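Below you'll find the structure, written out as structure tokens, and then a few comments.
Only the coordinates and a few stated rules stand behind these numbers; no lab work does. Here the structure is a predicted model, which is why all the values come from computation and not from measurement. Here the Cβ is made from the backbone with ideal geometry for all residues, glycine too, and neighbour counts use every protein chain on show.
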Amino acid sequence: MKIIFALGLMSVIALIMIAACTPVPVATPVPASTLVPVTPTRVASPTAIATKAPPATVVPTPGAQVSFKNEILPILKENCVRCHGGSKPLQELSLETYAGVLKGGISGLAVKPRDPENSIMIRYLQIDFMPFEIEPKLTRDQKQKIINWVAAGAPDN
């Protein structure tokens, strides 16, 4: 019974999210001569994440050795812990420690050891969703180190 209720509740939430994202038509057209180009902004909604194009295939570098302590943790501390750290980390995901990274948060496991293709953290990094609204984004090299670390089993080294 609880499962049916939970599924029903999730369906209602999904419908509300879809309805909230449906564009509202403008009643009065604006003359083309008054239009000003606008740069689109990022939307922090699950719908935005779900509708983004899937990232390119995650390809770990064969035989790459990556140290969590010396390479991964400094990347996380520099780019992630301002939101995913402290006493109340965003989404209950603390990226300050190895244990916190493996524990995950509200959305589940952040990394799935030996499975970077299905690790939420990798997906978000691939589409530049994270770090959210912070520039610059991680470099290609930083992303590759994290991919290699997850592919190697996310060792505590």
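Magnitude of the Cβ-charge dipole of the stretch 68-151, K/R +1 and D/E -1, about the Cα centre, nearest 20 debye? Mind showing how you got there, number by number?
Numbers: 12 positive and 10 negative charges, 36 e Å.
The dipole magnitude comes to about 180 debye.
Each residue of the stretch 109-122 in turn: what ³J(HN,Hα) in whole Hz from Karplus with 6.51, -1.76, 1.60 and θ = phi - 60°, glycine and Pro shown as x?
Once θ is set to phi - 60°, the couplings for the stretch 109-122 become 5, 6, 10, 10, x, 6, 9, x, 4, 10, 9, 4, 4, 5 Hz.
Indicate the gyration tensor shape class of the stretch 68-151 (rounded, prolate or oblate), computed on the Cα atoms with a ≥ b ≥ c the square roots of the eigenvalues: a/c under 1.5 is rounded; otherwise a/b larger than b/c is prolate and the rest oblate.
Numbers: a/c = 1.30, a/b = 1.10, b/c = 1.18.
Taking the square roots of the gyration eigenvalues as a ≥ b ≥ c, the stretch 68-151 is rounded.
Amide H to amide H under 5 Å from G105: which residues, 5+ apart in sequence or cross-chain, H placed 1.01 Å off N in plane?
A110
Treating cross-link reach as a plain straight distance, find the lysines whose alpha-carbon is under 22 Å from the alpha-carbon of K88, omitting any fewer than eight places away in the same chain.
List returned: K77, K103.
Grab the beta carbon distance between A64 and D128, set R0 = 22 Å, and tell me the FRET efficiency rounded to 0.05.
Values: r = 22 Å, r/R0 = 1.00.
Computed FRET efficiency for A64 and D128 comes out at 0.50.
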